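The values are calculated or read from the model by the stated rules, or taken from the named source; none is laboratory data. No experiment lies behind these values; they were computed from the predicted model shown. Cβ sites come from the backbone with ideal geometry, for glycine too, and all protein chains shown count toward neighbours.
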Amino acid sequence: MMNDPVIEFKDATIFQGNVPVITNLTLKLDKGEFVYLLGKTGSGKTSLLKTIYGDIELKQGTGEVSGFKLQSLKRKEIPYLRRKLGIVFQDFQLLSDRNVFENLRFVMKATGWNDESKIKNRIKDVLSKVGLESKEQVMPFQLSGGEQQRISIARALINNPEIILADEPTGNLDPETSEEIMKLLLDISKQGRCILFATHDLLLYSKFPARTLLCENNKIADSVSLT
C-alpha cells in the first residue's frame, strides 16, 4: 500500500476565489488508505475536496490525482478525472423521481456506459456490496436515511474508482446508522481504495481512529509524518 500515491500535493496553495484558504500544502495519500479530514466550517476542507475533483483550479504548486496533473488540468479532462473518483455527499443527492435502479443507471449513462446487460450486472454488483441488492425497484422516499446513503455509496462505486471522497457522509444520520456507514467505508478502503472522509463527528472519529488531516489556520496538519 505504501508508496503507491493516488493523491499528491507539493507546495500547493488552494484558493477560494482570490483568497488563499490552505497554504504550503505538501501531502501524499496512498492507495487503500482511510484518512480523516477534520476542520471547522470555513477551514478549507470543502475547498480541498473541490480541488481534488477539479471544481477549483490549482493555481499555485503542484497536485496529482490518479495520474491527472491538477495544475495543468484542462476543462475537457475533468469528466475523465471524475470517473476515477467516487463522491459521497451528506444529503445523498438521489433523484427523487426514479427508483434505485434508474438512479444508478442514470449515472452510468452519464459516464459513458451503453451496454444494458453490463449496466444491469454492474448495478447488481454494487448493490450487493452495500447490502441492498433487493432494493432495485424501490423509490428513494421509501428508504431510510442509512439506506439512502448506502445507495449513494453504491453510486460512488459504479466506475470502480481509486478514490472515494466522502463529504460529511454521516451528517444526516443517527449514531448507530453512522457507525454502519463508517464500517462499510472502512471495508471498501481495505479493498484498495483511498478514502478521504471529511467529518465533524468526533464521536465516530474517536471510535475508529485513523490517519488525520486537520484544517486549521490556513494549514493542514497531518497526524502521520510524511518524511
- Query: Looking only at the range 68-121, which residues are in contact (Cβ under 8 Å) with a residue 12 or more places away in the chain, under 24 Å from Leu196 (Cα atoms) and among the small types (Gly, Ala, Ser)?
  - Reply: Gly86
- May I ask you to verify whether Ile87 is within 17 Å of Ile7 (Cα to Cα) and under 14 Å from the mean Cα position of the chain (by Cα)? yes
- Query: Which residues, counting only those in the range 27-67, are free of Cβ contacts under 8 Å to residues at least 60 places away in the same chain and part of a strand (DSSP E or B)?
  - Reply: Gln60, Gly61, Thr62, Gly63, Glu64
- Would you please name the residue that is farthest from Cys194 (Cα to Cα), looking only at residues in the range 122-161 that are touching a residue at least 60 places away in the same chain (Cβ under 8 Å) and in a helix (DSSP H, G or I)? Gln149
- In the range 184-227, residues that are among the small types (Gly, Ala, Ser), assigned to a helix (DSSP H, G or I) and farther than 19 Å from Ile52 by Cα total 1
- Task: Identify, from the list Lys135, Lys207, Lys129, the residue that is out of contact with any Leu (no Cβ under 9 Å at 6 or more places or on another chain) and of a type outside the set (S, T, N, Q).
- Result: Lys207
- Query: With respect to Lys84, is the statement that it is of a type outside the set (Phe, Trp, Tyr) and either within 19 Å of Ile153 (Cβ to Cβ) or at pLDDT 95 or above (or both) true?
  - Reply: yes
- Return the only residue of Arg98, Arg105 being out of contact with any Cys (no Cβ under 6 Å at 6 or more places or on another chain), outside any loop (DSSP other than H, G, I, E, B) and of a type in the set (Lys, Arg). Arg105
- Message: Here is a check on your reading of the model: is Ile164 over 30 Å from Gly42 (Cβ atoms) and touching a residue at least 60 places away in the same chain (Cβ under 8 Å)?
- Response: no
- Message: Taking the condition of being among the acidic types (Asp, Glu), over 20 Å from Ser189 (Cβ atoms) and either modelled with pLDDT under 90 or in contact with a helix residue (DSSP H, G or I) (Cβ under 8 Å, 6 or more places away or on another chain) (or both), how many residues in the range 199-227 meet it?
- Response: 0
- Task: Could you tell me whether Gln60 is polar (S, T, N, Q), closer than 30 Å to Val224 by Cα and at pLDDT 95 or above?
- Result: yes
